[in-house]
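Read-outs: derived from the displayed coordinates by stated rules, not from any lab. For clarity, every value in this text was computed on a predicted model and none was experimentally measured. Cβ placement follows ideal geometry from the backbone for every residue including glycine, while neighbour counts extend to all protein chains displayed.
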């Protein structure tokens, strides 16, 4: 079994949470995102379409095309 690795998107989210001095749990509680789903999004296990817009707005981040492309490739097993 291999160790989970954050996606590039997950890294950006974690950096922004650090900037805001906010834990994942605090963020999830504040924005009504299930903690397990948040983690699955950061690690690329689930796309999290329902919650990504909330995360992006709340953390004032965007997904550029490279991040979207990498995430899609990882899901398809091509990366």
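The table for this structure:
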item: Exposure proxy ranking, count of Cβ atoms within 10 Å, fewest first, for 52, 57; result: 57, 52
item: Packing-based exposure ordering (other Cβ within 10 Å, fewest first) of 26, 12, 40; result: 26, 40, 12
